[in-house]
Amino acid sequence: MTQFTRQMTVGQFEELFPTDDACKMYLVARRWPNGVHCPRCGSDAKLSYLKARPFHWQCRNCSGTGYRFSVLVGTIFENTKIGLRDWFRVIYMMLTGKKGVAALEIQRVMGFGSYETALYMTHRIRAELVDPEFRKLMGIVEIDETYVGGKNKNRHADKRMVGSGVANKFPVIGAVSRKGTLVARALDSVNVGVADAFIREAVSEKVDLVATDESGLYASLSKKGVPHASVNHMRGEYVRGNVHTQTIDGFRSLLKRGILGTFHNVSKKYLPLYVAEFEWRYNNRTNADIFGSAVGCC
């Protein structure tokens, strides 16, 4: 297995991945760590390597005539005109930057002919980082919501919205297990019912404690049998024993700094993809091989 370090120079990256074939070898090892198997039937029986076509195999288990596939089949790299080295460079740039990297910067550094190419690649990568099979959070879990978007007064006159404050922003709710993993979701709106649905999805019934702020969204948790305690930020209370929301507040700050400082303008349509990227980066913050893990997901 090729060894990957979290931070490399351009020269080190080029030495590790000098050709598309080197990238394909790396992808084979990441995609099938226990040996190649057919992406259609999942079997490794009756599987043969096609020497005349590198990185191609033929499976006779799911088809009498033999189903042929390559290492790129079923991945975001399939049927694109963009070389695998360029895909790897973009993934590396996205995941090793603490607050992400804008598509415009990727276009400039990679020399792509259009901004749309860079945007297409980053959105495809973000979509693959969504984890639908996460384990529910246990232990002490912190929950908080935030609102993403610029100030209404800073918008162009033709884009200003009626109302003020959070009415013109997009809500994001998150839950994090202390010293553990995080789950975050972009929402269309926030109310008690939406918050309850998110908590049922993200938090285990065996949780030790759910810590929140004084928001009315979580006021009924104790009545529903959830061990719940809150701090009142409005009264200047931020910590009371082991009750606080500092961990989720840290993620919230990172998300907002990244979106406002790096991406500047994120539409409601694509906000879930950006949230998925920040969630992935947070949950893999101690993963020395975050790049390899991402490649395996793609």
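Structural remarks
- Cβ-isolated cysteines (cut-off 4.7 Å), the chain: C23, C297, C298
- Net charge dipole, region 140-266: roughly 440 debye, given to the nearest 20, about the Cα centre with Cβ charges of +1 for Lys and Arg and -1 for Asp and Glu.
- Of G97, V109, Y49, farthest towards positive along the dipole that unit charges on Lys, Arg, Asp, Glu beta carbons give region 1-156: Y49
- Choice from I82, I173, I248 showing the highest fluctuation, given a GNM over the chain with Cα pairs closer than 10 Å: I82
- Taking the Cα centre of region 1-80 as reference, the dipole from Cβ charges on Lys and Arg (+1) and Asp and Glu (-1) amounts to some 420 debye.
- In terms of Cα atoms, the Rg and Dmax of region 13-140 work out to 17.5, 56 Å.
- Length added when fully stretched, M110-K269, from 0.36 nm per residue minus Cα-Cα: 54.7 nm
- Computed about its Cα centre, the charge dipole of the chain is approximately 340 debye, with only Lys, Arg, Asp and Glu carrying charge at their Cβ.
- Kirkwood estimate for the chain, i.e. one over the average of 1/r between Cα atoms, Å: 21.7
- Most fluctuating residue given options K99, K51, K24, as computed from a GNM of the chain linking Cα atoms under 10 Å: K51
- C-alpha long axis of helix 192-202 to longest principal axis of the chain, angle in °: 40
- Most mobile listed residue (T212, T146, T80) in the chain, GNM with C-alpha springs under 10 Å: T80
- In region 140-266, a dipole from Cβ-located charges (positive for Lys and Arg, negative for Asp and Glu) runs towards its positive end, and of H233, L187, F170 it is F170 whose Cα lies farthest in that direction.
- Between S253 and K224, the FRET efficiency from the beta-carbon distance, with R0 = 22 Å, is close to 0.15.
- The ellipsoid equivalent to the alpha-carbon distribution of region 140-266 has semi-axes of 28, 15, 14 angstrom, derived from the gyration tensor eigenvalues as √(5λ) and listed largest first.
- Helix 246-258 and the long axis of the chain differ in direction by around 60°, with both axes built from C-alpha atoms.
- When Rg and the Kirkwood radius Rh are both evaluated on Cα atoms of region 194-298, their ratio Rg/Rh stands at 1.02.
- Subtracting the Cα-Cα distance of S43 and R68 from 0.36 nm times their residue separation leaves 7.7 nm of extension gain.
- Relative contact order, percent, the chain [alpha-carbon distance under 8 Å, six or more residues apart]: 21
- Stretch gain in nm, segment V36-K51, where the contour uses 0.36 nm per residue and the Cα spacing is subtracted: 3.9 nm
- 0 to 90° range, to nearest 10: angle between helix 84-96 axis and the chain longest Cα axis: 20
- Label point distance in nm, M8-M138, each placed 7 Å from Cα along Cα→Cβ: 3.7
- Computed label-point distance, nm, for sites D131 and Y238 using a 7 Å Cα→Cβ extension: 2.8
Laboratory data are not the source of any read-out in this text; all were calculated from the coordinates shown. For clarity, every value in this text was computed on a predicted model and none was experimentally measured. All Cβ positions, glycine included, derive from the backbone under ideal geometry; neighbour counts span all protein chains shown.
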